[in-house]
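As structure tokens, the structure follows; a few thoughts come after it.
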């Protein structure tokens, strides 16, 4: 690989990691801007703030698993996720976290990002950042998911009816898509 290519891939890697920080920080900032009463009661649709945070943390854990599976030479199970089941899957996983304390779920969100970054650190610049990389696609699915949810929270805080969607309809759809 030429030095220019290596440098471009290293720059792209830094950019991806920076974007992960930016989008997650904005999500957390928006969550922290909400009122305490919004933690447990419906905030966006039927979901409380706690539900939203748990949902984002759960999908990030799925992406971390997919990255591990890829590194082990396996096809990620996330790629075979049935889109028709997404609403049911989301609701089931939100229900599983309903009895947990909000602050522990927020810690799961933070811990999930740390695990994602650890997994990404184990990858070469070329594996992570090259055009068409499956790993890159997985990172973008996380970026877009964070962005969608912080936009929804921001719109709600601003008294707007909804937010514009910034990416594909779901993490599995984006992760499994081809560039």
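Each residue in the range 90-101 was checked for being more than 9 Å from residue 51 (Cα to Cα), in contact (Cβ under 8 Å) with a residue 40 or more places away in the chain and crowded, with 16+ Cβ neighbours inside 10 Å, and 0 pass. Taking the range 121-152 as the range and being part of a loop (DSSP other than H, G, I, E, B) and within 13 Å of residue 13 (Cα to Cα) as the test, the residues that pass are 122, 123, 124, 130, 131, 133. Taking the range 121-163 as the range and being out of contact with any helix residue (DSSP H, G or I) (no Cβ under 8 Å at 6 or more places or on another chain) and either closer than 29 Å to residue 6 by Cα or without any contact (Cβ under 8 Å) to a residue 40 or more places away in the chain (or both) as the test, the residues that pass are 121, 124, 131, 132, 148, 151, 155, 158, 159, 160. Taken together, the residues in the range 22-71 that are within 18 Å of residue 90 (Cβ to Cβ), surrounded by 15 or more Cβ atoms within 10 Å (Cβ to Cβ) and free of Cβ contacts under 8 Å to residues at least 12 places away in the same chain amount to 1.
From the list 105, 153, the lone residue that is touching a strand residue (DSSP E or B) at 6+ places or on another chain (Cβ under 8 Å) and either loosely packed, with under 13 Cβ neighbours inside 10 Å or modelled with pLDDT of 95 or more (or both) is 153.
Just one of the listed residues (83, 74) is touching a residue at least 60 places away in the same chain (Cβ under 8 Å) and under 30 Å from residue 133 (Cα atoms), namely 83. Here residue 118 fulfils each of the conditions (1) at pLDDT 95 or above; (2) touching a helix residue (DSSP H, G or I) at 6+ places or on another chain (Cβ under 8 Å) apart from (2).
So which pairs qualify, if the first residue must be in the range 102-117 and on the phi < 0 side of the Ramachandran plot and in contact (Cβ under 8 Å) with a residue 60 or more places away in the chain, the second must be crowded, with 16+ Cβ neighbours inside 10 Å and not in a helix (DSSP H, G or I), the Cβ gap must be under 9 Å, and the two must be at least 6 apart or on different chains? Partner pairs satisfying both residue conditions: 102/39; 102/48.
The values are calculated or read from the model by the stated rules, or taken from the named source; none is laboratory data. Just so you know, these numbers come straight off a predicted model, no measurement behind them. Cβ coordinates were reconstructed from backbone atoms using ideal geometry, including for glycine residues, and neighbour counts include every protein chain displayed.
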